[in-house]
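One structure below.
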Amino acid sequence: EAQVTQNPRYLITVTGKKLTVTCSQNMNHEYMSWYRQDPGLGLRQIYYSMNVEVTDKGDVPEGYKVSRKEKRNFPLILESPSPNQTSLYFCASSFYRGSEPQHFGDGTRLSIL
Amino acid sequence: GQQLNQSPQSMFIQEGEDVSMNCTSSSIFNTWLWYKQDPGEGPVLLIALYKAGELTSNGRLTAQFGITRKDSFLNISASIPSDVGIYFCAGRGSQGNLIFGKGTKLSVKP
């Protein structure tokens, strides 16, 4: 089954404690991206990757890092989380940038206290 | 930056009614997309529009790509309870970036 899998699904943590949200896809997609969803703001892109070792900033990259060492994985790293990063995060993938559909994971709800 | 204005923000309708929502922008987009998000899940693509003026249907859903390339609408006919969710429009610019609207929350009363 074609899937984008995110872990964890829920996390409550404290300010400054480094965390990583993993994302894995099994469709051999080249393009992967991270979004955050906040009430009243829709989805905003954080980072994206067009292929292995190729990453670029989206619209709201501050406070986040990503890596793409393998095609299937695209982890999102918060080196020093702050309360304003409390949000619902989605990973997505597609064959290439601009191809449809983009497949989304089921989301990770992060609460930073 | 590019922004999409999606309206309405929320709708509360009776089962069987038709629904209409739209997105407008001051920017031109090459592709318009409509997604639906169910609670606890990620968005799922409903309809993709690639050409100005294009009108596309997917079951009870119909969407159009405005001829100015700055707007799109989505209609749902004869709504049913499982239509409940948040609907997002998204526009893809010439750089390949995808901009999302803020969403329309649809509630359907049986």
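Throughout, read-outs are computed from the coordinates displayed, never taken from laboratory work. This is a predicted model, so every value here is computed, not measured. All Cβ positions, even for glycine, are placed from backbone atoms using ideal geometry, and neighbour counts span all protein chains on display.
Give, in whole angstrom and from largest to smallest, the semi-axes √(5λ) of the equivalent ellipsoid of region A:45-113, with λ running over the eigenvalues of the Cα gyration tensor. Before the final figure, lay out each step's value.
Values: eigenvalues 94, 38, 22 Å².
They are 22, 14, 10 Å, listed from largest to smallest.
So how much slack lies between A:LYS18 and A:THR86, counting 0.36 nm per residue of separation and subtracting their Cα-Cα distance, in nm? Intermediate results must be reported in sequence, preceding the final value.
Values: separation 68, 0.36 × 68 = 24.48 nm, distance 1.37 nm.
Residue separation times 0.36 nm, minus the Cα-Cα distance, leaves 23.1 nm.
Apply 1/(1 + (r/R0)^6) to the Cβ-Cβ distance of A:TYR96 and B:ILE67, taking R0 = 25 Å, and write down the FRET efficiency to the nearest 0.05. Efficiency, rounded to the nearest 0.05: 0.35. Across all C-alpha atoms in the protein assembly as shown, the radius of gyration and Dmax reach 17.4, 50 Å.
Tell me, rounded to the nearest percent, the portion of alpha carbon pairs in region A:1-110 spaced more than 16 Å apart. Write down the numbers at each step before the final one.
Values: 3229 of 5995 pairs.
Tail of the P(r) past 16 Å holds 54 percent of the pairs.
Per-residue mean of other chain beta-carbon atoms within 10 angstrom of the beta-carbon, peptide A:33-43? Average neighbour count from other chains, rounded to a whole number: 4.
In region B:69-110, whose amide N lies under 17 Å from the spot 7 Å out along Cα-to-Cβ of B:GLU54? List them in ranges. Taking a point 7 Å out along Cα→Cβ of B:GLU54, the residues of region B:69-110 whose backbone N falls under 17 Å are B:69-75, B:89-99.
Taking A:THR15, A:THR86, A:THR55 as the candidate residues, the one with maximal mean-square fluctuation in a Gaussian network model of chain A, Cα springs under 10 Å, is A:THR15.
Normalised radius of gyration for chain B, please: alpha carbon Rg relative to 2.2 N^0.38 Å, two decimal places.
Working: Rg = 13.3 Å, N = 110, 2.2 N^0.38 = 13.1 Å.
Here the Cα radius of gyration is 1.01 times the empirical estimate.
Using the 2.2 N^0.38 Å rule of thumb for compact globular proteins, work out how region A:1-56 stacks up: its C-alpha Rg over that value, please. List each step's numbers first, then the result.
Numbers: Rg = 13.3 Å, N = 56, 2.2 N^0.38 = 10.2 Å.
Normalised Rg, Cα atoms only: 1.31.
Evaluating 6.51 cos²θ - 1.76 cosθ + 1.60 at θ = phi - 60° for every residue in region A:62-78, the Karplus couplings come out as 4, x, 10, 9, 9, 8, 9, 7, 10, 5, 7, 10, 8, x, 10, 10, 10 Hz, glycine and proline recorded as x.
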